[in-house]
Amino acid sequence: MTTRAAPIFALLGALAAGPAAAQQGAEIKMTGQCERLVIGGQDITQNCKEQLVNTVTRGRTTFDFAAWDGQTLSFSGAGAQHEATEETEQLQPISLVVAGMKNAEGIVRSPSPAVGACRFSAPQPGKTQIACEATSQGKTYAGTFITDVKTDSKAGGDGTKDAKEGVKP
């Protein structure tokens, strides 16, 4: 594993570690390919940005998707409920979706209780898929993202810069 890929593996590893790690704050911006984005039943995949933000703070795990037209979608769940479904796959139950829209005043967010889950493969060199799907008030919310982890040997120091600013290709 390279130092450049370390932040992604550290964050996904913290998710896999459970509640103690989830209490610490961490954020990672991942680049890659957004393969699906559905907000309130509307498929806006064609507008999806090639970046996913994963935040672990105060016992909650959040996956944030964004679109070029100003829409955002966050999937959030209690990190303590995180579980392994298979040797190579992790499951994060989702209890809240937050749809957002950027306007002149900023981003207007609409949080809604939801039932669903985010699945992601165990951290390993190469690509990792994060797939979230939830239902809220009879509407479907979904996002699928494939990370674009570089396995080159360029060091990023201790990984702190990459963890704060995101892993850049």
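Assigned to a loop (DSSP other than H, G, I, E, B) and under 22 Å from C48 (Cβ atoms), is that true of K127? So K127 passes the test. Does any residue of segment 42-51 turn out to be of a type in the set (A, V, I, L, M), on the phi < 0 side of the Ramachandran plot and assigned to a strand (DSSP E or B)? Taking every residue of segment 42-51 in turn, none turns out to be of a type in the set (A, V, I, L, M), on the phi < 0 side of the Ramachandran plot and assigned to a strand (DSSP E or B). Scanning segment 93-107 for residues that are modelled with pLDDT under 95 and touching a Ser or Thr at 6+ places or on another chain (Cβ under 7 Å) turns up just one, I107.
Residue-by-condition table, conditions (1) among the hydrophobic types (A, V, I, L, M, F, W, C); (2) in a strand (DSSP E or B); (3) in contact with a Pro (Cβ under 7 Å, 6 or more places away or on another chain); (4) at positive phi:
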position: C34; (1), (2), (3), (4): yes, yes, no, no
position: V53; (1), (2), (3), (4): yes, yes, no, no
position: T62; (1), (2), (3), (4): no, yes, no, no
position: D69; (1), (2), (3), (4): no, no, no, no
position: P111; (1), (2), (3), (4): no, yes, no, no
position: T144; (1), (2), (3), (4): no, yes, no, no
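Pairs meeting the criteria (first residue in segment 58-81 and farther than 14 Å from G116 by Cα and among the aliphatic types (A, V, I, L, M), second residue crowded, with 19+ Cβ neighbours inside 10 Å and at pLDDT below 95, beta carbons under 8 Å, at least 6 apart or on different chains) are A80/A22.
The values are calculated or read from the model by the stated rules, or taken from the named source; none is laboratory data. Computed from a prediction, not measured in an experiment: that's the story for all the values here. Cβ atoms come from the backbone with ideal geometry, glycine included; neighbour counts cover every protein chain shown.
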